[in-house]
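This is the structure, below, for whatever I ask next.
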Amino acid sequence: MNDELVVELDGSVLRVTFNRPQARNAMTFAMYEGLVAACERADGDEGVRAVLLRGAGGQAFVAGTDIAQFAGFDGPRGVEYERTIDATIGRLLDVRVPVVAAIDGFCIGGGLAIAAAADVRVAHPSSRFGYPIARTLGNTLSAASYALTMRHFGHARTIDMITTARLLDAETAREAGFVSRLDEDVTACAEGVLEKILAHAPLTMAAGKEILRRLHRAAGRVDADDVVAEVYGSSDFAAGVAAFTSRSTATWTGS
């Protein structure tokens, strides 16, 4: 396994660590592929009773996707990328056992989508959550990512995060129900949650996950590929990537 994504079986817990602390654990395409492989491993081993997701370094859970991955993007490539993210998040949602996310620091962009696919989230009081893309890259989320975010935060908070590009603090995320517990020692808190999970009836938990999945999917999906392609094919997105890479400020033109 790529050392940027460390997957270790510890007793009955499959521990997945996003291991790029120098980049706030920003995801590469290989890391997304590794996360899918970890999900396959969890479902393929009956000895796995829970999955733990965490970021290395204490400064971030995952701070989005590595900007270098966006070089040369156009509309069709943007649609392909968002479909890849949807497939990855969808696979994480489908894991048969409970998934716990231990969140330190920044949980933004793709990191927020990953955390949203977990079943239980614990966080440090200093953690921050959001999609600041309107002021950073000028890209968009897929319809599936919007649906998942709305499920947790509601329409009002979701559109507020997008339009103002502000990051929600940990207490706001807890009030929204997104974060289950806040603790100065996120590791100990997550371990306590895992201990409870491992003592509970596996079929009860699996049934709850599966029925909730079916209920959410019964709401249907929308096709927004045309919107995604327009944004990723725009001059604004190209300018946003260039500005972010050069640590300058993009000038948005709406084209």
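Coordinate-derived values only; no laboratory data. All figures in this text were calculated on a predicted structure; none of them were measured in a lab. Cβ: placed from backbone, ideal geometry, glycine included. Neighbour counts: every protein chain shown.
Using the Cβ atoms and a cut-off under 12 Å, what net charge is assigned to the surroundings of Arg24, where Lys and Arg are +1 and Asp and Glu are -1? Could the numbers behind the result be given before it?
Values: positive: Arg20, Arg128; negative: Asp66, Asp104.
Local net charge: 0.
For Cα pairs less than 8 Å apart in space and 6+ apart in sequence, what is the mean separation divided by the residue count of the chain, i.e. the relative contact order in percent?
Once divided by the residue count of the chain, the mean separation gives 20 percent.
What's the extension gain from Ile67 to Ala224 if we count 0.36 nm per residue and subtract their Cα-Cα distance?
Numbers: separation 157, 0.36 × 157 = 56.52 nm, distance 2.28 nm.
Gain on extension, Ile67 to Ala224, equals 54.2 nm.
Evaluate the relative contact order of the range 141-182 (contact order divided by residue number), counting alpha-carbon pairs under 8 angstrom at least 6 apart; express in whole percent. If you can, show how the numbers build up before the last one.
Working: 21 pairs, mean separation 13.4, N = 42.
Dividing the mean separation by the residue count of the range 141-182 yields 32 percent.
Averaging sequence separations of C-alpha pairs under 8 Å and six or more residues apart, then dividing by the length of the range 71-149, give the relative contact order as a whole percent.
Details: 77 pairs, mean separation 24.3, N = 79.
That works out to 31 percent.
Convex hull volume of the Cα atoms in the range 5-185, per residue, in Å³? Intermediate results must be reported in sequence, preceding the final value.
Values: hull volume 19.1 nm³, N = 181.
Roughly 105 Å³ of hull volume per residue.
Now for a separate question. Separation of the range 70-145 and the range 189-255 by C-alpha centroid, Å?
Each part's Cα centre sits 4 Å from the other's.
Continuing with the same structure: Is the shape of the range 132-179 best called rounded, prolate or oblate, per the rule: a/c under 1.5 gives rounded, else a/b larger than b/c gives prolate, else oblate, with a ≥ b ≥ c the square roots of the Cα gyration tensor eigenvalues?
Numbers: a/c = 2.34, a/b = 1.33, b/c = 1.75.
Judged from the Cα gyration tensor, the range 132-179 comes out oblate (a/c at least 1.5, b/c at or above a/b).
Here's a follow-up. When each pair of different Cα atoms in the range 100-251 is counted once in the 1/r mean, what is the Kirkwood radius in angstroms, to one decimal? List each step's numbers first, then the result.
Working: mean 1/r = 0.0586 Å⁻¹.
17.1 Å is the Kirkwood radius here.
Let me ask something else. Just to check I understand the Karplus step: with θ = phi - 60° and J = 6.51 cos²θ - 1.76 cosθ + 1.60, what whole-Hz values come out for the range 222-230, glycine and proline as x?
Result, rounded to whole Hz: 10, 9, 10, 4, 5, 5, 4, 4, 4.
Another question, if that's okay. Order of 168-174, 199-205 by packing, highest average Cβ count within 10 Å first?
Working: 168-174: 18.7, 199-205: 11.0.
Sorting 168-174, 199-205 by mean packing, highest first, produces 168-174, 199-205.
Let me ask something else. Quick one: net charge of Glu8's neighbours, Cβ under 13 Å, K/R +1, D/E -1?
Details: positive: Arg15, Arg41, Arg54; negative: Asp3, Asp10, Asp45.
Result for the local shell: 0.
So, one more: When Lys and Arg each count +1 and Asp and Glu each count -1, what net charge do the other residues less than 14 Å away from Pro76, Cβ to Cβ, add up to? Intermediate values should be presented prior to the final figure.
Working: positive: Arg77, Arg83; negative: Asp74, Glu80, Glu82, Asp225, Asp226, Glu230.
Charge balance in the 14 Å sphere: -4.
Cβ neighbours within 10 Å, averaged per peptide: list 183-192, 22-31, 111-120, 245-254 in order, most packed at the top. Could you put the intermediate results ahead of the total?
On the way: 183-192: 15.8, 22-31: 19.6, 111-120: 24.0, 245-254: 10.6.
In descending order of packing, they fall as 111-120, 22-31, 183-192, 245-254.
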